[in-house]
Amino acid sequence: MIRKRVATFALTQYDLLNNALMPALAEAGIRILKLNELSQGQDLQVDSFFSEMIYPLLTPLAIDEESPPPSIQNLRLFIACRIENPEKQEGRYAFVPLPENLPRFIPVQSSKGNSFVTIEDIVQRQIGELFPGETVEASAPFRITRNSDIAIQEEDAIDLAGEMAEVLAARRIGTTIRVQITKGTPRDLLRLVQEVTRSGPAELYRVGGLLQLADLMQISQLSDYEELSNPPWPPLPSPLIDYSTSIFEVIGARDVLLFHPYESFDPIVRMLEEAAHDPDVLAIKQVLYRTASDSRIISALIRAAENGKQVTVLVELKARFDEARNLQRADMLQRAGVQIVYGVKDLKTHAKVTLIARNEDGRLKRYVHLGTGNYNETTAQLYTDVSYLTCHPQLVADASHFFNAVTGRSKLMRLQKIYAAPVHLKDRLMELIEAEADRARHGESALIMAKCNSLQDPDVIESLYRASRAGVKIKLNIRGICCLKTESKRYSKNIEVRSIVDRYLEHARIFYFHHGGDPEVYFSSADWMTRNLEKRVELLVPVEDPPSKKRLIRILEAAFRDNTNAFRILKDGTSVPVVPAKGEKRFRFQEHLYKTASKAARVRQRERSATFTPHRPPGKQEDKFE
């Protein structure tokens, strides 16, 4: 069933690629040429590039019965080839892995626009040079996908980092779950690839076009095509942040809500960099789930430890596909003197929290960052997420208790304001939904608005159905998986589900409950999935600061106004675009948020420019007019 749907999806994907995208690119002056389309001059250029740049990097791997089969790396392009020896009247086979450190699309001279040929086409044409005295009779590109699920026996693991390293090594030879190979590949090459990769018909996908479509990102980086590119939306400075003042003074004066990537992630990075050098900062505690490849945050934590701060970092080694990077990060931090904790046994720690303790006039003051996104400067420019900076006494106390529990193997008791999974978060969520249902049953106004990545948990879904039957109006913005059935008169007639797919990945989790006219607003690291609510360490954070609360409500309301990049989820699980009604103005949620942030930044800049700061002579001066 799943394979059939995936195969249908792939057919649609390649139909759009070959019959819509490629012709549109060609019309704009960007062409990916076949070798028989090259001019004589382009042919010479390709031959020269092969000889100088590609040939020295190629390593053919012979395949025969006497030797073990070669290792086929996950998601790497290979060429399978059949070779004939005219003198011996016999054939043999070989695989040729393509270099991963060269561009996939090789530019060739063109009188106008940009023209490219693929590296696999070049290698296939010249592949005979690897086998002198023989003839390559047939060849075909292919790549495989291996099962990347990993299972760690945490109960028996004395050294979790060492266990993880062994599991990652085993992943390289994991079970083949997909073989992609070009259509028209000869049967003998097809059988050979299946035999070497230990795959069968269920794993085979014959592809009518380019393999490894992610490499087209190379084309997207071309300059001089502004009309084909998104207009630049650089992250903006928040009007709440005074960059001429210590970040701790800013947070001490008021709570700061940021919505990335419209507003820059830099204040969070700056908070850690400032803490690393601030002599009054005594301790830093942080949870790391995913980080950037060249992370300023990691550098700041290392500097803080080197400067004598007490730094404790929980590094989640089980972050899917980031396990190797997190192992490396943990080792770097530990070598610098950071106290490292490798997550919590049998649970993934997905919470986003940093706690900083500072000595201020002989008293300890704590500051906390809580968010929905990772401490990753790269994805903070691509994903929409909430950041909240505060020194609210109850929130910092909750953060402190949370760290004590996850690093000290102690039981996490009920906190004052924050709710943590897998202990209390789901119960609180169900309470909030049921409270709206109860108000609706008593004839009161009741409304739930929620924005998250996925909705799958059966208990939450059933609770939403009950609320809908009671008369609660429910508006859900779910980017990904949604297991709730919409448009059912029996149990979901008051539930509307939309999804926004636009320039940025919608990643923030924001929840609103009308609460009898005194709204309760939360953000969370957790989606409404069983894995998040019961099998991960997550946080649900209330927002009580009035300006911050109002802003999150406005964001939720705006998400349901999108009639440009939004989709409505139907009862059969399919989706249809939301389009402007007759006479209705076009409204694009992400564009609206960027324009709003841009306007706020301009207003704040004008206000600061209008401030007169006099130059005074040195020495203390009294103001006689006080």
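Among the residues of the stretch 284-321, those that are surrounded by fewer than 23 Cβ atoms within 10 Å (Cβ to Cβ), among the small types (Gly, Ala, Ser) and touching a helix residue (DSSP H, G or I) at 6+ places or on another chain (Cβ under 9 Å) comprise 292, 293, 295, 299, 300, 305, 319. Every condition in (1) exposed (fewer than 15 other Cβ atoms within 10 Å of the Cβ); (2) within 28 Å of residue 218 (Cβ to Cβ) is met by residue 135 except one, and the failing one is (2). Here the condition is being surrounded by fewer than 13 Cβ atoms within 10 Å (Cβ to Cβ) and in contact (Cβ under 8 Å) with a residue 40 or more places away in the chain; of 202, 214, it holds for 202 alone. Could you go through the stretch 403-426 and let me know if any residue there is over 28 Å from the mean Cα position of the chain (by Cα), free of Cβ contacts under 8 Å to residues at least 24 places away in the same chain and buried (at least 19 other Cβ atoms within 10 Å of the Cβ). For the stretch 403-426, residues over 28 Å from the mean Cα position of the chain (by Cα), free of Cβ contacts under 8 Å to residues at least 24 places away in the same chain and buried (at least 19 other Cβ atoms within 10 Å of the Cβ): present. The set of residues from the stretch 571-588 being without any contact (Cβ under 8 Å) to a residue 60 or more places away in the chain, surrounded by 10 or more Cβ atoms within 10 Å (Cβ to Cβ) and not aliphatic (A, V, I, L, M) comprises 577, 580, 584, 586, 587. Residues in the stretch 367-416 that are within 24 Å of residue 342 (Cα to Cα) and charged (D, E, K, R): 377, 398, 409, 411, 414.
For the stretch 217-261, filtering for residues that are closer than 30 Å to residue 543 by Cα and of a type in the set (Ser, Thr, Tyr) leaves 5. Restricting the stretch 316-348 to residues that are modelled with pLDDT of 90 or more and in contact with a Lys or Arg (Cβ under 7 Å, 6 or more places away or on another chain), which is nearest to residue 296 (Cα to Cα)? In this case the residue turns out to be 348. Being over 23 Å from residue 190 (Cβ atoms) and β-branched (Val, Ile, Thr) is a property that residue 79 lacks. Report yes if residue 536 is in contact with a Leu (Cβ under 8 Å, 6 or more places away or on another chain), of a type in the set (Lys, Arg) and crowded, with 19+ Cβ neighbours inside 10 Å, otherwise no. Yes. Based on what the data block shows, is residue 566 in contact with a strand residue (DSSP E or B) (Cβ under 7 Å, 6 or more places away or on another chain) and either assigned by TED's automatic domain parsing to the domain that holds residue 428 or among the small types (Gly, Ala, Ser) (or both)? Here the answer is yes, as residue 566 does meet what is asked.
Of everything listed in (1) in contact with a His (Cβ under 7 Å, 6 or more places away or on another chain); (2) surrounded by 17 or more Cβ atoms within 10 Å (Cβ to Cβ), the single unmet condition for residue 558 is (2). In the condition set (1) surrounded by fewer than 18 Cβ atoms within 10 Å (Cβ to Cβ); (2) at pLDDT 95 or above, residue 84 is compliant with all but (2). In the stretch 349-371, the qualifying residues are those that are touching a residue at least 12 places away in the same chain (Cβ under 8 Å) and over 24 Å from residue 409 (Cα atoms), and the one that is surrounded by the most Cβ atoms within 10 Å (Cβ to Cβ) is 358.
Could you list all residues from the stretch 511-529 that are part of a loop (DSSP other than H, G, I, E, B) and touching a residue at least 60 places away in the same chain (Cβ under 8 Å)? Passing the criteria: 514, 525, 526, 527, 529.
How about the stretch 500-527: which of its residues are in contact with an Asp or Glu (Cβ under 8 Å, 6 or more places away or on another chain) and closer than 17 Å to residue 421 by Cβ? Within the stretch 500-527, 509, 524, 525, 526 qualify. In the stretch 66-73, the count of residues that are at pLDDT 95 or above, part of a loop (DSSP other than H, G, I, E, B) and under 28 Å from residue 179 (Cβ atoms) is zero. Within the stretch 435-449, identify whether any single residue is surrounded by fewer than 20 Cβ atoms within 10 Å (Cβ to Cβ), touching a residue at least 60 places away in the same chain (Cβ under 8 Å), in the same structural domain as residue 558 (by TED's automatic domain parsing) and part of a helix (DSSP H, G or I), and answer yes or no. Looking through the stretch 435-449, at least one residue is surrounded by fewer than 20 Cβ atoms within 10 Å (Cβ to Cβ), touching a residue at least 60 places away in the same chain (Cβ under 8 Å), in the same structural domain as residue 558 (by TED's automatic domain parsing) and part of a helix (DSSP H, G or I).
When 412, 395, 355, 389 are checked against the criterion of being touching a helix residue (DSSP H, G or I) at 6+ places or on another chain (Cβ under 6 Å) and either aromatic (Phe, Trp, Tyr) or not in a strand (DSSP E or B) (or both), a single residue qualifies: 412. Scanning the stretch 371-386 for residues that are in contact with a strand residue (DSSP E or B) (Cβ under 7 Å, 6 or more places away or on another chain) and either assigned to a helix (DSSP H, G or I) or not charged (D, E, K, R) (or both) turns up 371, 372, 373, 375, 380, 382, 383, 384, 386.
The values are calculated or read from the model by the stated rules, or taken from the named source; none is laboratory data. The structure displayed is predicted, hence computed values, not measured ones. Quick reminder, even Gly has a Cβ in these numbers, built from the backbone with ideal geometry, and neighbours come from all protein chains shown.
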